[in-house]
Each structure stands twice: as C-alpha cells, then as structure tokens.
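Below is one structure, written out as structure tokens; the observations come after it.
The values are calculated or read from the model by the stated rules, or taken from the named source; none is laboratory data. Keep in mind the model is a prediction, meaning the values are calculated, not measured. Here the Cβ positions follow ideal geometry from the backbone for every residue, glycine too, while neighbour counts run over all protein chains shown. Accessible surface areas use protein heavy atoms only, side chains included; no ligands, DNA or RNA. Shrake-Rupley method; radii C 1.70, N 1.55, O 1.52, S 1.80 Å.
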Amino acid sequence: MKSKWIKLVTVTLTAILAAPVLMGAVTFHNIVRIYDNSEDYEMVLTQFDDPQAILEEAGIALGESDIFEFTQTSDRTYELEIERAFDVSFVNGGVQQTVAMLEGQTVAQLLEKAGVTVGEEDILTPAPETVVTPDTKVQLQRVTYETQTVSEVIPYETIEQHTPLLKNGRTRQMSAGSDGSKTTTTVKKYIDGVYQETVSEEVTVTKEPVSEVVLYGDSSAAVTTLETPANLKLDANGNPVNYVKKITGKGTAYSARDGAKTASGRYAIPGHVAVNPNVIPYGSKLYIKSSDGSFVYGYAVAADTGIALMDGRVTVDLFFDTYLESCLFGAKTMDIYVLE
C-alpha cells in the first residue's frame, strides 16, 4: 500500500514445520511477521492462518475505519499490512465533526462517508478532488434562501378641492375613500443560517386605494381649470379692465361624465361653459363672476349650449366637476364679461 502519512503494520507469516513436542505442546504451522504503521514486530509463530485470529492473538486491535491486506509470500509465509485511518476535521453547516479517512482519499470521498450532499449553491472548501491529510480542514457552507411575504394596508389619501361654493374653512365630502392593500415578497440569502443579503423584493398591489375627495371652502379659489391669459387684468373690484361687452343674467350649473364632450366638440371640463351661441359665439373668451361679487367662476370659454339657454331662460350654464358642486351652486345672477 502506498502511504506517506499512515504507518503500516505487516504481519509476515513464515510457514515452518513445527517439530512434534512431547506432553501435548502446540505444533506451530506458520511464522508471522507483523507491520503496524511501519513498526516492525518480532516474528510471530502461530497455528492460525486467518488474519482476524492472528491479529487477536497478537493483541492488535483495529479501529472501525482501519483496513488490512493479507497476502501469502511463499509456502506458509504471509504478510499482513494494516492501514490506520486518521481523523479529518469537517464543518458541515456550522456543525463540527470528524471523519475517519485513509491515505490518498479525497474531499469527495469524505463527503460520501459523511453521507452529505452538496447543494448547487453551497460553498465547499477545499475542492472535491483535493486529497485529505490529518491537517486538512474541510468546510461546507450551506446556502439557503428564505422567502417572506408581508401584507400591508395602503392608506387612502384625502384630496381637498378648494371651492368658493362653501364658506371659508367648511368642508363637504364628495366621495368616500377606501384603503388599498399590497404584498411585499422578499427573498433573503443566508450562509449557515447567517443573513447575508436581500436578493429580491417585489411589491404587488392587490387592491388600489381610493382617494377621499373633500370640498374645502375657500372664497379665493377659482373653479375653472383653464389657464388664465397673461393679458387679463382685473381692477380693484375684481372686474376685467378690458372687455368687449358685459352680459348680466341668470347662471345655473351642470356636470357630466368623464370624457363627455360639449356641443362645440370640446371636452366638458370646468371652464367650458354653456351659452346661447347666437348671443355668445362658441370659442368666445369670457370672465364670469356673480353680480354681487360673492362668487367668482373665473376665466372661461363658450363651448356648449342647451334648451334653457337657447330659449333665454338661462344666460350661462357653468360646468362643474361634480354633481354635488353643481347642486351647491344652485342659481345666481351672473356677470359675463366677453373678453374677445
């Protein structure tokens, strides 16, 4: 056997013919020469030719992982070589143990003896093909992943729409809000049970929150969403300085579904108002406020019409975002300044 690290025990059994001995003495048939880790024992005379019996007779104990080789060199002459195993340190997933190994065996064989399988991402040092020695330290670091899924509430937001339709500071709920929900799935990496890093994090919204919409009374707020022209100047009373004509009459209010269009083809949005196009042509730029100055609709464009407008019962019908706002407005006497 080839070994630089483990001494060999050789038992050489040299067969000799024993002379008869008087008074029932044992007759020896074999001579044995024993090598244990290259330590040369004296020649042993024995009547046995079974290696296990020879070792027992010689008082040589074998460890669980020790091996031997028994060979006959000549007639009734034998050699028995014993190879002693040695312990190799093995850390598996942070747990220390030792594995009995023989000369020339590798890390891969150590794992096989330990009954250990290496995962695809596990970290093994040294490499599987490395030949082990008593000084070799083998470490297998276990790589695991943990997936955590956490459900959370997405609080709804409250949107304030400032309006001159309510007294300053007063509020009125236009639509109720409701919370949403989301799940966050996180994958974390561990080595030997110790956290290393977060590999991925995915957020999935399972229910979108619905915002609460609240009207907030603000006498300075404009209703129209149209951008006021830079050349529109107001005097100290809040009336346009320059305009083509002024028309005073009854003002009402209305609303429509999202995406609806007006009679002129424009979208129905705050700032696009209904008129009698025979009196105020479509596309006319307007500035509208109540005659008593308590309500300002602001800059507007003539874009729509209706039966009450065409028959003269209503002078202007103001568009609001919601039905609630149109109800809050009711009806007022309005000044319509035709800017151009």
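General observations
- Qualifying positions in region 95-124 - assigned to a loop (DSSP other than H, G, I, E, B), open to solvent by less than 70 Å² (accessible area, probe 1.4 Å) and of a type outside the set (Asp, Glu): LEU102, GLY104, GLN105, GLY115, VAL116, VAL118, GLY119
- In region 158-179, residue farthest from LEU111 (Cα to Cα) [restricted to those that are aliphatic (A, V, I, L, M) and part of a strand (DSSP E or B)]: MET174
- Long-range neighbours under 9 Å by Cβ, at least six apart or interchain, first residue under 11 Å from ALA274 (Cβ atoms) and polar (S, T, N, Q) within region 244-260, second open to solvent by 50 Å² or more (accessible area, probe 1.4 Å) and not in a loop (DSSP other than H, G, I, E, B): THR252/LYS332
- Condition check for THR186: loosely packed, with under 15 Cβ neighbours inside 10 Å, assigned to a strand (DSSP E or B), on the phi < 0 side of the Ramachandran plot and at pLDDT 95 or above: no
- Only one entry in VAL153, VAL131 is exposed (fewer than 15 other Cβ atoms within 10 Å of the Cβ), within 26 Å of the chain's Cα centre (by Cα) and not hydroxyl-bearing (Ser, Thr, Tyr), namely VAL153.
- Counting only residues that are within 20 Å of ASN168 (Cα to Cα) and exposed (fewer than 12 other Cβ atoms within 10 Å of the Cβ), region 201-225 holds 1 of them.
To keep it simple, each residue is scored yes or no on (1) open to solvent by less than 40 Å² (accessible area, probe 1.4 Å); (2) of a type in the set (S, T, N, Q).
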residue	(1), (2)
ALA260	yes, no
ALA263	no, no
ASN276	yes, yes
GLY298	yes, no
ASP321	no, no
GLU325	yes, no
LEU328	no, no
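- In region 125-157, the residues that are assigned to a strand (DSSP E or B) and touching a helix residue (DSSP H, G or I) at 6+ places or on another chain (Cβ under 7 Å): VAL138
- For region 189-237, the set of residues classified as in a loop (DSSP other than H, G, I, E, B) and among the charged types (D, E, K, R) consists of ASP192, GLU208, ASP218, GLU227, LYS233, ASP235, listed by residue number.
- Qualifying position, being modelled with pLDDT under 95, small (Gly, Ala, Ser), open to solvent by less than 20 Å² (accessible area, probe 1.4 Å) and under 22 Å from VAL241 (Cα atoms), among SER294, SER284, SER290: SER290
- Top-ranked residue in region 300-319 [being part of a strand (DSSP E or B) and touching a helix residue (DSSP H, G or I) at 6+ places or on another chain (Cβ under 9 Å); ranked as most open to solvent (accessible area, probe 1.4 Å)]: ASP317
- Filtered residue count, region 157-179, keeping only those that are open to solvent by 90 Å² or more (accessible area, probe 1.4 Å) and either of a type in the set (Val, Ile, Thr) or touching a strand residue (DSSP E or B) at 6+ places or on another chain (Cβ under 7 Å) (or both): 6
Results for (1) closer than 21 Å to HIS162 by Cβ; (2) within 51 Å of the chain's Cα centre (by Cα), shown as yes or no for each residue.
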position: LYS245; (1), (2): no, no
position: GLY259; (1), (2): no, yes
position: GLY265; (1), (2): no, yes
position: PRO270; (1), (2): yes, yes
position: PRO277; (1), (2): no, no
position: TYR282; (1), (2): no, no
position: GLY306; (1), (2): no, no
